[in-house]
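Peer 1: I have a structure I would like to understand better, so I am pasting it below and will then ask my questions one at a time.
The values are calculated or read from the model by the stated rules, or taken from the named source; none is laboratory data. Just so it is clear, the model here is predicted, and its values are computed rather than measured. Glycine gets a Cβ as well: all are built from the backbone with ideal geometry, and neighbour counts include every protein chain shown. In case anyone asks, the SASA skips ligands and DNA or RNA and just uses the protein heavy atoms, side chains included. Shrake-Rupley method; radii C 1.70, N 1.55, O 1.52, S 1.80 Å.
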Amino acid sequence: MPDDEEFRESLRAFLKEHAPGRAPKGAAERLAFAKAWAATKYDHGFAGPAWPREAGGMGLPFEQQVIYQVEMARYRLPAMPGTGWEMVGPTIIKYGTPEQKEKYLRATLRADIVWAQGFSEPEAGSDLPGLRTTARRDGDHYVVNGQKVWNTNAEKADMLFVLVRTGTQEARQKGISYLLIDAHAPGVTVRPIRDITGGEHFCEIFFDEVRVPVSQRVGEENDGWRIARTTLGHERSAGALNQAAFYRRIVDELIALARERGAVADTGVRRRLADFDVRVRVMNAHAARTIASIVATGEPGPTSSVSRLYNSVFEQELHEFAVELLGPFGLLGRGDPDTVQRGRWTGGWLATRASTIGAGTAEIQRNTIAEQLLGLPRDPAMPPRP
């Protein structure tokens, strides 16, 4: 294992030679671009900094994971397509069979397989234990029927990681199993959902008599809720340092926007900018603490809810301030010829309306923090823990 400075220099040399530049415009072209970059990282040994080496990752110690995220954030690199590396990958590493690990881990890290999550439902979003998508055992297969919604990347996914009901509805979280489902299997239908930005960033998924081999179940039948908690914890903590470095750049660009608009002479504006600067430093410090917890215990634990709540509120307030700073120009969308910076701040404001809803609502995160970190009494209206 190289020392920290040797690792930093080797990573910088790799990025200088291989960073792919600006992404193309078309959706299909952008996906191919992102997959090619994932393959380049994997082929050169720079993919999966937190994944163990036996899973195809780098197995970096904590300090070098920090270096990795900071150096990567200096470039405008394409994000990993899908949610496999950050959610289902760590779940398969911990709970998967040897066959599942062999089949999926390296292919996921290289983006040869793109994943999408299938958890939330029309009547089971925040109340996820109330999900109704069923999986009926039929020999060595499950037959899946139901609907999922608010699924990111489902339109481009090869595989889906899905929570299904294998027990009774009354069993709630004690009757849930965790399946890996081919996104192109007969009976799977994916429909994009257009949101207020004008884009199609989410989908709904329908399952109609979809046959899934029992070998595609992760963990034991009816034990999927415990496994899903690992997935959700990693979702809330994955890329935490990268997100902190990303918002470091966004805050710097917001400060530049304020200067460009001649607003920095205003004491109130300067105070708000200073507040954002401090808060992005806090984001970075907490991200480092979360990653240290994962390195030490293998799990992000309830502190991941702190990151999720803090970051979602932060990005909403930052974009709200940016739109206020633009004044009437903040009303102009991306297609308007008079928009400022191609409408990026207005688009960000619209997109972040969902920040405190997706990946567990702000209310869910506050409950987790209150009960599991602060030790406050549990809400008696909530179902008992498994």
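Peer 1: So which residues in region 22-40 are open to solvent by less than 40 Å² (accessible area, probe 1.4 Å) and free of Cβ contacts under 8 Å to residues at least 12 places away in the same chain?
Peer 2: If the condition is that a residue be open to solvent by less than 40 Å² (accessible area, probe 1.4 Å) and free of Cβ contacts under 8 Å to residues at least 12 places away in the same chain, then GLY26 is the only one that fits.
Peer 1: Quick one: is GLU170 under 30 Å from GLY343 (Cα atoms), out of contact with any Gly (no Cβ under 9 Å at 6 or more places or on another chain) and part of a helix (DSSP H, G or I)? It would help to see each step written out before you state the result.
Peer 2: Values: under 30 Å from GLY343 (Cα atoms): no; out of contact with any Gly (no Cβ under 9 Å at 6 or more places or on another chain): yes; part of a helix (DSSP H, G or I): yes.
So GLU170 fails the test.
Peer 1: Applying the selection to region 107-156, what residues are within 19 Å of PRO213 (Cα to Cα), among the aliphatic types (A, V, I, L, M) and outside any strand (DSSP E or B)?
Peer 2: Hit for region 107-156 is ILE113, nothing else.
Peer 1: Same structure again: Condition (residue is closer than 21 Å to VAL66 by Cα, among the β-branched types (Val, Ile, Thr) and either crowded, with 19+ Cβ neighbours inside 10 Å or modelled with pLDDT of 85 or more (or both)) applied to region 263-281: is it met by at least one residue? First the steps, then the outcome.
Peer 2: Of region 263-281, the ones closer than 21 Å to VAL66 by Cα are 277-281.
If we keep only those that are among the β-branched types (Val, Ile, Thr) too, we end up with 278, 280.
Within this subset, residues satisfying the condition of being either crowded, with 19+ Cβ neighbours inside 10 Å or modelled with pLDDT of 85 or more (or both) are 278, 280.
Looking for residues that are closer than 21 Å to VAL66 by Cα, among the β-branched types (Val, Ile, Thr) and either crowded, with 19+ Cβ neighbours inside 10 Å or modelled with pLDDT of 85 or more (or both), one finds at least one in region 263-281, hence yes.
Peer 1: Taking the criterion of being touching a residue at least 60 places away in the same chain (Cβ under 8 Å) and of a type in the set (S, T, N, Q), would at least one residue in region 127-135 satisfy it?
Peer 2: Looking for residues that are touching a residue at least 60 places away in the same chain (Cβ under 8 Å) and of a type in the set (S, T, N, Q), one finds at least one in region 127-135, hence yes.
Peer 1: Tally up the residues in region 337-378 that are open to solvent by 40 Å² or more (accessible area, probe 1.4 Å) and farther than 16 Å from GLY199 by Cα, please.
Peer 2: 15
Peer 1: Any residue in region 244-266 that's free of Cβ contacts under 8 Å to residues at least 24 places away in the same chain: show its pairings with residues that are open to solvent by 40 Å² or more (accessible area, probe 1.4 Å) and not hydrophobic (A, V, I, L, M, F, W, C) at Cβ separation under 7 Å, as long as the two are six or more apart or on different chains.
Peer 2: Once the first residue is free of Cβ contacts under 8 Å to residues at least 24 places away in the same chain and sits in region 244-266, its partners that are open to solvent by 40 Å² or more (accessible area, probe 1.4 Å) and not hydrophobic (A, V, I, L, M, F, W, C) give VAL264/ARG270.
Peer 1: A follow-up question, please. Among the numbered conditions (1) within 22 Å of the chain's Cα centre (by Cα); (2) open to solvent by less than 20 Å² (accessible area, probe 1.4 Å); (3) at negative phi, tell me where PHE202 comes up short.
Peer 2: The failed condition is (2).
Peer 1: I've got another one for you. Report, by residue number, each residue of region 41-55 that is open to solvent by 20 Å² or more (accessible area, probe 1.4 Å) and among the small types (Gly, Ala, Ser).
Peer 2: Of everything in region 41-55, those that are open to solvent by 20 Å² or more (accessible area, probe 1.4 Å) and among the small types (Gly, Ala, Ser) turn out to be GLY45, ALA50.
Peer 1: Within region 69-86, which residues are modelled with pLDDT of 85 or more, farther than 19 Å from ALA32 by Cα and among the hydrophobic types (A, V, I, L, M, F, W, C)?
Peer 2: MET72
Conditions tested, residue by residue: (1) among the acidic types (Asp, Glu); (2) without any contact (Cβ under 8 Å) to a residue 12 or more places away in the chain; (3) surrounded by fewer than 19 Cβ atoms within 10 Å (Cβ to Cβ).
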{"position": "GLN117", "(1), (2), (3)": "no, no, no"}
{"position": "GLU121", "(1), (2), (3)": "yes, no, no"}
{"position": "ASP140", "(1), (2), (3)": "yes, no, yes"}
{"position": "THR152", "(1), (2), (3)": "no, no, yes"}
{"position": "SER177", "(1), (2), (3)": "no, no, no"}
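Peer 1: Which count do you get for residues in region 330-373 that are assigned to a helix (DSSP H, G or I) and either charged (D, E, K, R) or within 15 Å of LEU309 (Cα to Cα) (or both)?
Peer 2: Looking only at region 330-373, we keep the residues that are assigned to a helix (DSSP H, G or I), and these are 330-331, 340-354, 362-373.
Remaining after also requiring either charged (D, E, K, R) or within 15 Å of LEU309 (Cα to Cα) (or both): 342, 344, 352-354, 362-373.
Within region 330-373, residues that are assigned to a helix (DSSP H, G or I) and either charged (D, E, K, R) or within 15 Å of LEU309 (Cα to Cα) (or both) number 17.
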